[in-house]
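Step one of this worksheet: look at the structure below.
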Amino acid sequence: MSKPRTDVQALVSEAEWEQRVNLAACYRLVALFGWDDLIFTHISARVPGPEHHFLINPYGLMFSEITASGLVKVDLEGKKVMDSPYEINPAGFTIHSAIHAAREDAQCVLHVHSVNGVAVSAQARGVLPISQHSIFVLSSLAYHDYEGVALNQDEKPRLVRDLGDKRFLMLRNHGLLTVGESVSEAFVAMYFFETSCMMQVRAQAGGELTLISPHIVEGAQLQWQQVTKGAGGGLAWPALLRKVDRIDPGFRS
């Protein structure tokens with residue numbers, strides 16, 4: 001596969017470049033946390049500006065290889081709007097394009113096939129209120145039934161309907177999805193989502209579970225805002241960027 005253009009930064013706005021750097025870091029972090037699935041699944045982010053353009057991964061690269069320059073810029077149809085040696089997986093953009101088109105606040109859509117997430121997505125009761133992490137998820141969680149590999153455009157309205165205004169979406173028998181007003185918000189949300197699933201799978205291997213009161217779950221949205229500094233990862237994201245920089249700052253290229 002060809003190498004990405006090296007002059008992309010000179011061709012885009014400062015705001016777009018910052019979005020590219022954050023999105024590339026997000027891909028690297030998903031790989032670092034072990035949520036990736038070879039070259040499959042996607043994280044998309046809206047390009048700042050009036051156009052409905054989006055950034056997504058080059059199809060065929062591992063998430064640990066993603067760079068800011070290598071991200072592909074596409075429109076809502078998944079068609080490239082900027083020269084790139086890379087292609088994208090059009091089928092993979094089906095879910096993302098539906099949510100970006102329906103939700104103005106969906107600046108970033110993060111979808112993974114994490115092992116724990118898929119395991120819980122196959123459970124009839126889904127996410128259970130058994131951990132502090134889970135109450136944040138449950139306070140803004142929706143479910144979407146499995147309809148096969150996301151190739152059918154007809155699925156889009158049902159996906160949008162099921163998500164509604166929620167932050168977390170469990171795709172039954174498929175995986176996890178988060179929506180954020182920023183890349184950092186989507187990533188921090190996914191951390192809580194996947195961690196809740198991991199804790200649940202491990203707890204289910206033991207004895208009888210103790211469930212958290214619905215009253216506590218109802219008040220978790222306000223607590224989420226406080227814990228995550230406005231739900232945008234205001235505290236966690238800078239630390240996560242420092243972590244990626246220590247491991248391999250090449251994502252910024």
Would region 41-57 turn up any residue that is free of Cβ contacts under 8 Å to residues at least 40 places away in the same chain and under 20 Å from Ile247 (Cα atoms)?
no
Would you be able to say whether some residue in region 149-158 is of a type in the set (Val, Ile, Thr) and either farther than 22 Å from Leu38 by Cβ or more than 14 Å from the chain's Cα centre (by Cα) (or both)?
yes
Out of region 6-35, which residues are of a type in the set (A, V, I, L, M, F, W, C) and either crowded, with 22+ Cβ neighbours inside 10 Å or in contact with a Cys (Cβ under 8 Å, 6 or more places away or on another chain) (or both)?
Leu23, Ala24, Ala25, Cys26, Leu29, Val30, Trp35
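Yes/no matrix, rows are residues, columns are (1) in contact with a Pro (Cβ under 7 Å, 6 or more places away or on another chain); (2) surrounded by fewer than 16 Cβ atoms within 10 Å (Cβ to Cβ); (3) at pLDDT 95 or above; (4) over 15 Å from Leu169 (Cβ atoms):
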position	(1), (2), (3), (4)
Pro90	no, yes, no, yes
His96	no, no, no, no
Val112	no, no, yes, no
Ala124	no, yes, yes, yes
Val127	no, no, yes, no
Can you pull out the residues in region 7-27 that are aliphatic (A, V, I, L, M) and in a helix (DSSP H, G or I)?
Val8, Ala10, Leu11, Ala15, Val21, Leu23, Ala24, Ala25
I'm checking my understanding of the structure. Among residues of region 75-113 that are touching a helix residue (DSSP H, G or I) at 6+ places or on another chain (Cβ under 7 Å) and part of a loop (DSSP other than H, G, I, E, B), which one is nearest to Arg161 (Cα to Cα)?
Ala106
Yes or no: Asp105 in contact with a strand residue (DSSP E or B) (Cβ under 8 Å, 6 or more places away or on another chain), among the acidic types (Asp, Glu), more than 21 Å from Ile39 (Cα to Cα) and surrounded by fewer than 19 Cβ atoms within 10 Å (Cβ to Cβ)?
yes
Go through (1) in contact with a Gly (Cβ under 7 Å, 6 or more places away or on another chain); (2) at pLDDT below 95; (3) surrounded by 15 or more Cβ atoms within 10 Å (Cβ to Cβ) and name the single condition Val118 misses.
(2)
When the residues of region 59-74 are filtered to those that are part of a loop (DSSP other than H, G, I, E, B) and modelled with pLDDT of 95 or more, which remaining residue is nearest to Ser114 (Cα to Cα)?
Met62
Give Ala25, Ala15, Ala10 a once-over and let me know the one that is touching a Phe, Trp or Tyr at 6+ places or on another chain (Cβ under 7 Å) and either modelled with pLDDT under 95 or among the hydrophobic types (A, V, I, L, M, F, W, C) (or both).
Ala25
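The values are calculated or read from the model by the stated rules, or taken from the named source; none is laboratory data. Bear in mind the structure is a predicted one, so any value in this text is a computation, not a measurement. Note: ideal-geometry Cβ built from the backbone for every residue, glycine included; neighbour counts use all protein chains shown.
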